[in-house]
Amino acid sequence: MPSRHHEIADDLRRQLTTGRIKPGERLPSEAGLADRYKVSTVTLRRALGVLQGEGLIEKIHGKGNFVRRPPRKIVYVGGWGTLDPRTAAETALRVTVRTNTVPAEGQLTALLKVPTGSPLAEFFCVSHEGESPHGLARIYIPRDLAPTGVLDDESSWRETVTRFAVLSSPPAAVRETVCARPPTLDEASALRLRSAVAVLAVTRVATDATGRVVEAALLVFPGNRVDAVFTTHHMTNEGQTQG
């Protein structure tokens, strides 16, 4: 049998999802809600805590509890390895980028198929809409494949990074592994996530015509702020690809 605070959270959630309480609206006072549901303020705050953990409401100190506005979504286009420019433009995304040269270690040696310690060009990117983070990417390229001056001259790659696209020369193949999982502590901090919000994690590996891995990217998006779209192509009897 559900506890009383979960019953209250369920009732308030229904009011939020049906529009009886609208985005941006302030909820009645905690004392008023406790009186309405005939419970103590402790029980009422537990119910509100459930909704806060789900990202449905937020408590602003000194002002009360407010219904959060639904986050606008962007679209990640699988296969192309990029954000849909239409949704990126609609949400006025800006991307901050930090570049560095790092040695290949752990997972990166396996993804890029390079020896431990091999130098890699690293791009650490975080996209924002206003003050709200929308996604982060760690993109790695073998240092000998990075264009000359790529870590110093932003003009040559800024537009590509803004779309989280493949940075290296057009690859022959892109392989993406997608999963939903809890965020790591670092990811939760960078994306300002509550522990209850799952992330969509994309591991993208690009190879050239010889089979050499030319880039590996670790992309992370809050699950409630992105849709991932993948298009499959079927082969005809003549071996031609149909979209």
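If you take the residues of region 164-222 that are touching a Ser or Thr at 6+ places or on another chain (Cβ under 9 Å) and without any contact (Cβ under 8 Å) to a residue 24 or more places away in the chain, which of them is surrounded by the fewest Cβ atoms within 10 Å (Cβ to Cβ)?
Here the answer is C179.
Return yes or no: is I8 more than 25 Å from V199 (Cα to Cα), touching a residue at least 40 places away in the same chain (Cβ under 8 Å) and surrounded by 15 or more Cβ atoms within 10 Å (Cβ to Cβ)? Reasoning before the result, please.
Details: more than 25 Å from V199 (Cα to Cα): yes; touching a residue at least 40 places away in the same chain (Cβ under 8 Å): no; surrounded by 15 or more Cβ atoms within 10 Å (Cβ to Cβ): yes.
Taking the combined requirement at face value, the residue does not satisfy it.
Return the total of residues in region 121-142 being within 16 Å of Q107 (Cα to Cα) and β-branched (V, I, T).
The number of residues fulfilling the criteria is 2.
Residues being more than 20 Å from the chain's Cα centre (by Cα) and assigned to a helix (DSSP H, G or I): count how many of those fall in region 48-70.
4
When residues of region 193-232 are filtered for being among the basic types (K, R) and out of contact with any strand residue (DSSP E or B) (no Cβ under 6 Å at 6 or more places or on another chain), how many remain?
2
Computed from the coordinates by the stated procedures, all read-outs in this text should not be read as laboratory data. Not measured: the values here are computed from a predicted model. Methodologically, a virtual Cβ is constructed for each residue, glycine included, from the backbone with ideal geometry; neighbour enumeration extends over all protein chains shown.
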